[in-house]
Amino acid sequence: MLTHLNKAYEMTAMTPHSFLDPEGWVPAKGYANGMLAEGRMVFTGGLVGWNAQQQFEHTDLVGQFEQVLKNIVAVLAKAGARPEHLVRLTWYITDKSEYLGNLKEIGAAYRRVLGRHFPAMAVVQVVSLMEDAAKIEIEATAVIPHE
């Protein structure tokens, strides 16, 4: 499997995958620059912060963010995947100021739902999302390692 990797690419207890930090780079904090994974792949669509009945219980970014993460975990579970199998998250947010003003709360919600596993991520501000009440939408990619 991944036995050809050198020390710079070692797996951790948090993930069965390997983080890619090029030599000389300062390690990323709160996300990964890249990840190496082998196995069955799981892709989610863009998930928003509504519940299973497609109703928004939260009007704030932090509440919707936590719900999006719970939705991602539910989709992953359907495939037999867990949060530590995530290799990429792409976030689409509608308000950069609200995001930056709530980083501590967003971080706490992230750790409550996904733990301390930080895959490759991108956060992009968009003008709006297809669901008018949505403040955030996230696409996820996970890789379930071969047994």
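The values are calculated or read from the model by the stated rules, or taken from the named source; none is laboratory data. Computed from a predicted structure; not experimentally measured. Positions of Cβ are backbone-derived with ideal geometry, glycine not excepted, and every protein chain shown enters the neighbour counts. Side chains included, ligands, DNA and RNA excluded: accessible areas come from the protein's heavy atoms. Shrake-Rupley method; radii C 1.70, N 1.55, O 1.52, S 1.80 Å.
For the Cα atoms of the chain, what angle does the longest principal axis make with the long axis of helix 103-114, in degrees from 0 to 90, nearest 10? Helix 103-114 sits roughly 60 degrees off the main axis of the chain.
Compute the Rg/Rh shape ratio of the stretch 44-147: radius of gyration over Kirkwood radius, all on alpha-carbon atoms. Mind dumping the intermediate values first?
Values: Rg = 13.1 Å, Rh = 13.8 Å.
In the stretch 44-147, Rg relative to Rh is 0.95.
Cross-link partners of K70 among lysines, defined as those whose alpha carbon lies under 18 angstrom from its own and excluding same-chain residues fewer than eight positions apart: K78, K135.
Each of A79, A133, Q55 was scored by the projection of its Cα onto the charge dipole of the chain, and the greatest displacement toward the positive side belongs to A79; charges sit on the C-beta of Lys, Arg, Asp and Glu.
Relative to the dominant Cα principal axis of the chain, helix 61-78 is inclined by about 50°.
Only Lys, Arg, Asp and Glu carry charge here, each on its Cβ (+1 for the first two, -1 for the last two); on that basis the stretch 85-133 has a dipole of about 400 debye about its Cα centre. Here the contact order of the chain, divided by its residue count and restricted to Cα pairs under 8 Å and six or more residues apart, works out to 34 percent. Taking label positions 7 Å along the Cα-Cβ direction at both T94 and T59, the computed distance is 1.2 nm, reported to one decimal. With helices as the sole contributors, the chain gives -7500 deg cm²/dmol at 222 nm; each DSSP H run of n ≥ 4 counts as -39500 (n - 2.57), and the sum is divided by every residue. Available extension along the chain between Q125 and R112 is 2.3 nm, counting 0.36 nm per residue and deducting the alpha carbon span. Between Q55, Q125, Q64, the GNM of the chain built on Cα springs shorter than 10 angstrom shows Q55 fluctuating the most.
Ignoring ligands, DNA and RNA, what accessible area per residue does the stretch 71-147 give at 1.4 Å, in Å²? Please list the in-between numbers first.
Working: 4120 Å² over 77 residues.
Heavy-atom SASA per residue in the stretch 71-147 reads 54 Å².
For the chain, the Cβ-based charge dipole about the Cα centre amounts to some 340 debye (Lys, Arg positive; Asp, Glu negative; other atoms uncharged).
Taking a point 7 Å out from the Cα of R40 in the direction of its Cβ, the residues of the stretch 110-147 whose backbone N falls within less than 11 Å of it are 144-147. Ignoring aspartates and glutamates fewer than eight residues from K29 along the same chain, the ones with Cα atoms less than 12 angstrom from its Cα are D21. If you run the Gaussian network model on the chain, springs between alpha carbon atoms under 10 Å, then out of V62, V123, V48 the most flexible one is V123.
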